[in-house]
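*Asks:* Just passing along the structure, written as structure tokens.
The values are calculated or read from the model by the stated rules, or taken from the named source; none is laboratory data. All of these numbers come straight from a predicted model, not from anything done at the bench. Every residue, glycine as well, gets a Cβ built from its backbone with ideal geometry; the counts of neighbours run over all protein chains shown.
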Amino acid sequence: MATYKPVVVQGFPKLGERITQDTVYWRGYKTPVQIKEFGAVNKIDFSPVSPYNYAVTASSRIHIYGRYSQEPIKTFSRFKDAAYCATYRDDGNLLVAGSEEGSIRLFDVSGRAPLRQFDGHTKPVHVVGFLSDMYRIFSAGDDYASSLWDIPSGTEIISYNEHTDYVRCGCPSKVNADVFITGSYDHTVKLFDTRMKNSVMTIEHGQPVESVLLFPSGGLLVSAGGRYVKVWDVLKGGQLLVSLKNHHKTVTCLCLNSSGQRLLSGSLDRHVKIYSTTSYKVVHSFNYATSILSLALSPEDETIVVGMTNGVLNVKHRKPEVRKEKSVKKRQPAYRTYVKGRTYMPKQEDFCVSKPVKRVLRKYDKLLKSFQSSKALDAVLEPPIRLYTPEVTVAVMQELHRRGTLRSALAGRDEKQINLLLTFVARRVIDPRFTSTLVTVADIITDIYQPVVGQSAVVDRQFLKLQKAIGKEIDYQEELLEVLGMMDTLFATFTRKRAAYLEESKSNGLGETIETSMNN
Amino acid sequence: MVAPAKLRVVRCGGGNHHGARAVFSADSKYLLCASGDFVKVYSVATEETLRLIGGHADRVTGIQLNPHNHMQLYSSSLDGTIKLWDFMDGIAIKTFTVGSVLVALYAPPAFEDSVFVVAAKNGNRGPFQLISVKLTKAAGQVVEAKELSVILSGVDSSPKCIAFGREGEYVVSVKQSDLNIYFFRKKLAQRFSLRPSKVIEGSNQFSCVACHPTEDCIATGHSNGKIRIWRNFHHKKEYTYSTLHWHHDTVRDLAYSVEGTYLLSGGIEAVLVVWPNESDRQKDFLPRLGSPIEHISMAADGSQCCTLHTDNRITLIDSNLRFSKSIQGLIKSPNIKTGLVVDPRTKALVLNGEPGHLQFYCLQTDQQLFSLDIVQREYIHQAGLHQADLVKVAFGAQGRWLATVEEREEVTDPELQLKLWFFNEETQSFKLNTRINTPHEDHITDMCFREVEELEDDSLILVTTGKDRVFKVWLMVEDTDPEAQQRVSWSCDFVGSYHNYQATNCCFSEDGSLLAVSFEETVTVWDSVTWDLKCTFCYPPGKIRNMCFGRLTCSKYLIGSTDCGFLCCWNLLSCALEWSAHINVLILQPDPLSEYIAAVSWLPEESSLFVFKPNETQPVYIQRNLCRLKIQLAAFVPRDEPEMVSSEKYLWLRRSQLFFLTETQELITLSTKSLEERLTLSSKQLAVEESLPVTPFSLLLGKHRHHQSQEDTDLGKRVVQKQHEQESPAVKELLHTPAHVLPSASFLCTIFINSLLISKENKSAEEVVADEVEMENEQAEDDSEEERDVAEMEQDDPSPVESLGELPCKLSKSQERELRKIRKMDYSWIAAF
């Protein structure tokens, strides 16, 4: 025999962006801190050791910021012209930077004056970095040359002149101390082995390369240039794995998160996109005020720092993890009572009498079960339900309407209750999920309480509010229809091969709209 | 074999069960129920239909057990006869013809050899009267009942409006607002009238009546939901009554318990109310019985009661007011909107069941397989309430997907929901996958899946057509989010329309490459890959009513029927009309397994069936006057194995069987089998019926037991056991008497030992148990053999001796003795030679 069926509260799918784990994760940052620098920020590098300070290269200065400091804790300003690419060594003690005048300077993080200065480049050096053995430095610049320097002696070990245009990016391999790559405006990425006289591999990116990145495993290489981010398999001889085109302006910087599962790319189109490195799909995207030049993510993804063309440094810190166990634990029954009888294993010949499952009904369901419509409506107008789960309130109203008792449930209420009802209706009637039901409710309320209009100022005000809300919504709908009409004409002017012979068959614009938008 | 028999129209389910109150057999093992022209016998234990008793020419209106013989049943019918049946064997014992239409039957035990019927005064219609019919004991199958005497005239035609008082002292009849009591002993009639209701005219009229079994007390139900208990009605003035009120609508039936300690009432609310001691206080309820209660009947031993519902369901309720069983065949739904759909998985018929549910009806067993709750909302049994109900159903991908549309009529705009269900193999039931609110802005007119066998599930396409002048194509989309609960969901892929006409029908071609959608007068054909309009067909001025593609060899044809009475066939290759015929086709049903198409036409008072192949101009089969009622729906149900069809003419019935549903929701089919073949099936049931409950297992066990018993008799063990059992009283007495009152052991010894001996006489065939006959025969044969050995002279006539051996089981003792004498005489006679 059937039992009472509770009221179905319809869950509606969230429109727009779908909430995934990624969105939750990447949204877990506080509002950004903005720091003004002297010029465009061309490089941000985090110290690999705690407390994870970061060096920001902008104009002729290198600022070092602490984790939460808004003022630089240290500044290197011994540059005559612009400094480039200040990079930490893996132990976090040394910092190397290139400069406009062509010299490379090596600083001790705790000191002020440069420890070494490497001269040899004839043009500005845009790329410098430590190889993973920590004793050698590679560099490249506008003189098309890529050089390797020995720190202890301060001399050049080898120089490659293979690029045919400015070299603007480079990256050492984490697994092999002899390997580094450089990307150039001549559309190529070259992989160098310091034991060899020439480059080991050349990858044709197709656009001027703005940024390169090697995966920690050393097997995959990511290059960014033009609107494209391309991933190459180094071990397969530089085979293109995937080409991503998600930005609509030049991609300027690349970065991996601490786990290596997500790839971030910043672009002049003011967006940072986050890709999953398994599916290479965009899982999240950040929006910034101006074009992005540099991007860095601290270990453990604690901080995202983005440098922009107007010299603003945008720092986002991660929100502390919310402890969920804070809520007061409900007192459980004592262990003994809980366990009582549950440990008994029935024997084979035992006849088990199953206890009927007790179904717990919500309060409004109980009232609806006993046909108490008015009280059921009261129950769903209680503050917690009305405010946080309006869909329950609306579902019960709909159920009452279905039973034909909505009118009697709404009738016979005092000023306070009418006020409450009207507030609810005026606020929610514009929600497309509830419109159809609440319009009926509003209709019935005005019908019932028409004779008493004018007797209470509070109720009158609510009626006016409702009228205003509905008027506004109607205007809004009209505007939307206008937009739809405009779009229809736009789509209609699209002349396609397929649409050409479809024209006669489709007189309705809507059908065509959907089809063309699907093709896009 | 035999010459091709004519196709017979066979009723196989549905109909109307609630013509009369159901009757329990005396031992409460069987339930008898009037069902259309038949009486059905159900087993209470197994809910199976054991027997269908048929013989009446019209609807059975009343059934009553013969109060003087519990194995007999009286039934009355609209054909003007009362029949007496042996319901266990299904044999009509006698037929009494009364002449006029009988609408109710009563057989109170207090009256010897007479029953009461409510009959029309003059022939077929007109005022009804309660008549006492004396059942003559005259010989002959058909007897005319002559001794009729009118008890009350001007009674209501409903069988619930008359009740007999305790020990048949009085009879009560209610009609509108009058209560008539006739006292048999005093031959006096008493009349009480209700004061007309002040609020609404006639709202307090009587609807049913019941009499207390032991006291002078009458309970009447009223159409305003009140129940009145009348007492002291022997006097015109001093009568009293009390009122009980719970029902909000008409009390449909009342019944007293066997001892009269409580009263049961039921109505449209589908709640059985128990009123103990006729008081308003401790009333008890059994709610949510599914559908309005029409009749309530009690078992004679009071162990259970049953309620008959308006949707043909029978609910058995035990004495603790707990739901125990429900017997349900084809559930009658007020309006079948879903059509007849065949579930590809179970081959069950699928259609609207109880409100908001989808019933899966098994054709073989005439039982409901299960009922799927689609709407999942509490159904309020109240007249005039628009509640959501199922309107369209479609199965896809061999029954793995089910699409349902439910709608609720609203004044402004209908509330529509499209639901897609996936068959869960683990739970063996359908699980809701996607729910789409308002898939169309107006009513959905048709829905179909693209059924392509070779392709994967992912290519499944659903098309819905709506009155909002569009058709929509729904596709399965995979959910990219790994955290989502389900892998796939459905979403709209394409919206098509044609000149702003209402879309009415849709169907896919057999290979799934083409979709045909009819827009009022025009049929449009679309490519199912690119959704391009390929061509249009039109046959003015009629609007397209039905449409289907040909199958197999006829897949290039598209058949459509219009509402102005034309059946057209278009060739898809030449895009031209192939042929058309002037038939008013109501239903067009293609056979899924062959190229045949069945069309059912309707002229006033006559439905005809045409079966044709689209590529042939002549129909394969025509059956005029299939049924007098309008046929609402039809469906081809694939057979499990192709049937052997003797005639070329019925080749179209080889792969599938055609079922029809009439206006009155009777399920009929066409059968090539003769009546005998069908009857043998039911006689099989009969054989097993004796050892209830009948389950396959019990059948198996029964066989085994039978074997064993035979073995026992062969060994003669059984005989010894029999002796033991026979002698056991003496031994028992001996054993159970206290030792101190027993005589000495030496005295008892001889008695005891004698009791253990097997006496010789007992071996003769005196008490023959039916299954020991064989053994007896063997013994007799043995005897004769011995005799042959001893006396050679008997060789002359061995046959009489043998026949003697066989005879005893049939002859009485005295005859036997005579035979023996003759035998002795024979000897002497032979010796003389």
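*Asks:* When you look at residue A:190, is it part of a strand (DSSP E or B) and farther than 22 Å from residue A:45 by Cα, yes or no?
*Replies:* In short, yes.
*Asks:* Could you please give the count of residues in the stretch B:505-517 that are crowded, with 20+ Cβ neighbours inside 10 Å and farther than 13 Å from residue B:448 by Cα?
*Replies:* 0
*Asks:* When residue B:335 is evaluated against the numbered criteria (1) crowded, with 20+ Cβ neighbours inside 10 Å; (2) within 30 Å of residue A:373 (Cα to Cα); (3) out of contact with any His (no Cβ under 8 Å at 6 or more places or on another chain), which criterion, by number, is the only one it fails?
*Replies:* (1)
*Asks:* Please specify each residue of the stretch A:278-295 satisfying the condition of being assigned to a strand (DSSP E or B) and either surrounded by fewer than 22 Cβ atoms within 10 Å (Cβ to Cβ) or modelled with pLDDT under 90 (or both).
*Replies:* A:282, A:283, A:284, A:285, A:286, A:287
*Asks:* Pick out the one residue from A:159, A:173 that is closer than 17 Å to residue A:214 by Cβ, in contact with a Ser or Thr (Cβ under 8 Å, 6 or more places away or on another chain), among the polar types (S, T, N, Q) and touching a residue at least 24 places away in the same chain (Cβ under 8 Å).
*Replies:* Going through A:159, A:173 in turn, just one is closer than 17 Å to residue A:214 by Cβ, in contact with a Ser or Thr (Cβ under 8 Å, 6 or more places away or on another chain), among the polar types (S, T, N, Q) and touching a residue at least 24 places away in the same chain (Cβ under 8 Å): A:173.
*Asks:* Checking residue B:293 against (1) touching an Asp or Glu at 6+ places or on another chain (Cβ under 6 Å); (2) crowded, with 22+ Cβ neighbours inside 10 Å; (3) within 14 Å of chain A (Cβ to nearest Cβ), which test does it fail?
*Replies:* (1)
*Asks:* Next up: List, please: which pairs have Cβ atoms under 8 Å, are six or more places apart or on different chains, and start with a residue in the stretch B:636-659 that is aromatic (Phe, Trp, Tyr) and end with one that is surrounded by fewer than 17 Cβ atoms within 10 Å (Cβ to Cβ)?
*Replies:* Here the result reads B:636/B:592; B:636/B:593; B:650/B:4, each pair linking the stretch B:636-659 to a residue that is surrounded by fewer than 17 Cβ atoms within 10 Å (Cβ to Cβ).
*Asks:* Related question: Criterion first (within 27 Å of residue B:303 (Cβ to Cβ) and surrounded by 18 or more Cβ atoms within 10 Å (Cβ to Cβ)) does residue B:253 satisfy it?
*Replies:* yes
*Asks:* In the stretch B:294-335, which strands (runs of 3 or more DSSP E) lie fully inside it and hold 1 or more residues that are of a type in the set (Lys, Arg)?
*Replies:* Here the list reads B:323-327.
*Asks:* Considering only residues of the stretch B:262-272 that are surrounded by 22 or more Cβ atoms within 10 Å (Cβ to Cβ) and more than 23 Å from the chain's Cα centre (by Cα), which is farthest from residue B:304 (Cα to Cα)?
*Replies:* By that ranking, first place goes to B:269.
*Asks:* Same structure, new question: What are the pairs, 6+ residues apart or on separate chains, where a residue within the stretch B:165-176 that is in contact (Cβ under 8 Å) with a residue 60 or more places away in the chain has its Cβ under 6 Å from a residue that is outside any strand (DSSP E or B)?
*Replies:* B:168/B:108; B:168/B:110; B:168/B:111
*Asks:* Among the residues of the stretch A:403-460, what is the count of those that are away from chain B (no Cβ under 14 Å), assigned to a helix (DSSP H, G or I) and hydroxyl-bearing (Ser, Thr, Tyr)?
*Replies:* Within the stretch A:403-460, residues that are away from chain B (no Cβ under 14 Å), assigned to a helix (DSSP H, G or I) and hydroxyl-bearing (Ser, Thr, Tyr) number 3.
*Asks:* Can you run down the residue pairs with Cβ atoms below 8 Å, 6 or more apart or on separate chains, where the first is in the stretch A:235-246 and modelled with pLDDT of 90 or more and the partner is among the aromatic types (Phe, Trp, Tyr) and part of a loop (DSSP other than H, G, I, E, B)?
*Replies:* Note: pairs meeting the criteria are A:242/A:280; A:244/A:280.
*Asks:* Only one residue in A:3, A:31, A:23 is modelled with pLDDT under 85 and more than 10 Å from every other protein chain (Cβ to nearest Cβ), so which one is that?
*Replies:* Of the residues listed, the single one that is modelled with pLDDT under 85 and more than 10 Å from every other protein chain (Cβ to nearest Cβ) is A:23.
*Asks:* Any residue that is at positive phi and surrounded by fewer than 19 Cβ atoms within 10 Å (Cβ to Cβ) - is there at least one of those in the stretch B:571-587?
*Replies:* Within the stretch B:571-587, one or more residues are at positive phi and surrounded by fewer than 19 Cβ atoms within 10 Å (Cβ to Cβ).
*Asks:* State which residue is surrounded by the fewest Cβ atoms within 10 Å (Cβ to Cβ) when the search covers only the stretch B:81-99 and only residues that are over 11 Å from residue B:135 (Cα atoms), out of contact with any Leu (no Cβ under 6 Å at 6 or more places or on another chain) and of a type outside the set (Val, Ile, Thr).
*Replies:* My answer is B:89.
*Asks:* Considering only the stretch B:74-125, how many residues are at positive phi and among the small types (Gly, Ala, Ser)?
*Replies:* Summing the residues that are at positive phi and among the small types (Gly, Ala, Ser) in the stretch B:74-125 gives 4.
*Asks:* Output yes when any residue across the stretch A:13-20 is within 14 Å of chain B (Cβ to nearest Cβ), assigned to a loop (DSSP other than H, G, I, E, B) and under 30 Å from residue A:370 (Cα atoms), and no when none is.
*Replies:* Within the stretch A:13-20, none of the residues are within 14 Å of chain B (Cβ to nearest Cβ), assigned to a loop (DSSP other than H, G, I, E, B) and under 30 Å from residue A:370 (Cα atoms).
*Asks:* Can you name the residue in the stretch B:468-504 that is among the basic types (Lys, Arg) and crowded, with 16+ Cβ neighbours inside 10 Å and is also modelled with the highest pLDDT among such residues?
*Replies:* B:472
*Asks:* Taking the conditions exactly as written (touching a Pro at 6+ places or on another chain (Cβ under 6 Å), part of a loop (DSSP other than H, G, I, E, B), more than 13 Å from every other protein chain (Cβ to nearest Cβ) and more than 17 Å from residue B:326 (Cβ to Cβ)), does residue B:364 satisfy them or not?
*Replies:* no
*Asks:* Please work out which residue is surrounded by the fewest Cβ atoms within 10 Å (Cβ to Cβ), limiting yourself to the stretch B:588-610 and to residues that are of a type outside the set (A, V, I, L, M) and within 22 Å of residue B:512 (Cα to Cα).
*Replies:* Going through the qualifying residues, I end up with B:592.
Quick grid of which residues meet (1) closer than 27 Å to residue B:98 by Cβ; (2) within 38 Å of the chain's Cα centre (by Cα):
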{"residue": "B:150", "(1), (2)": "yes, yes"}
{"residue": "B:154", "(1), (2)": "yes, yes"}
{"residue": "B:161", "(1), (2)": "yes, yes"}
{"residue": "B:167", "(1), (2)": "yes, yes"}
{"residue": "B:172", "(1), (2)": "yes, yes"}
{"residue": "B:189", "(1), (2)": "yes, no"}
{"residue": "B:193", "(1), (2)": "no, no"}
{"residue": "B:197", "(1), (2)": "no, no"}
{"residue": "B:207", "(1), (2)": "yes, yes"}
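*Asks:* Of the conditions (1) within 11 Å of another protein chain (Cβ to nearest Cβ); (2) closer than 24 Å to residue B:314 by Cβ; (3) modelled with pLDDT of 85 or more, residue B:434 clears all except one; give me its number.
*Replies:* (2)
*Asks:* Still on this structure: Looking at (1) touching a Leu at 6+ places or on another chain (Cβ under 9 Å); (2) more than 13 Å from chain A (Cβ to nearest Cβ), which is the only condition residue B:376 fails?
*Replies:* (2) is the only condition that residue B:376 fails.
To keep it simple, each residue is scored yes or no on (1) on the phi < 0 side of the Ramachandran plot; (2) among the hydrophobic types (A, V, I, L, M, F, W, C).
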site: A:193; (1), (2): yes, no
site: A:199; (1), (2): yes, no
site: A:217; (1), (2): yes, no
site: A:226; (1), (2): no, no
site: A:237; (1), (2): no, no
site: A:244; (1), (2): yes, yes
site: A:259; (1), (2): yes, no
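*Asks:* Next question, about the same structure. From the residues in the stretch B:742-759 that are under 59 Å from the mean Cα position of the chain (by Cα) and of a type in the set (A, V, I, L, M), which one is farthest from residue B:731 (Cα to Cα)?
*Replies:* Looking at residues that are under 59 Å from the mean Cα position of the chain (by Cα) and of a type in the set (A, V, I, L, M), I get B:758.
*Asks:* Separate question: From the residues in the stretch B:589-606 that are out of contact with any Gly (no Cβ under 8 Å at 6 or more places or on another chain) and assigned to a strand (DSSP E or B), which one is nearest to residue B:620 (Cα to Cα)?
*Replies:* The qualifying residue nearest to residue B:620 (Cα to Cα) is B:598.
*Asks:* Filter the stretch B:644-671 for residues that are of a type in the set (S, T, N, Q) and over 15 Å from residue B:335 (Cα atoms) and give the result.
*Replies:* B:646, B:647, B:656, B:657, B:669, B:671, listed by residue number.
*Asks:* OK, next. All but one of (1) over 17 Å from the mean Cα position of the chain (by Cα); (2) surrounded by fewer than 23 Cβ atoms within 10 Å (Cβ to Cβ) hold for residue B:305; which doesn't?
*Replies:* Here residue B:305 clears every test but (2).
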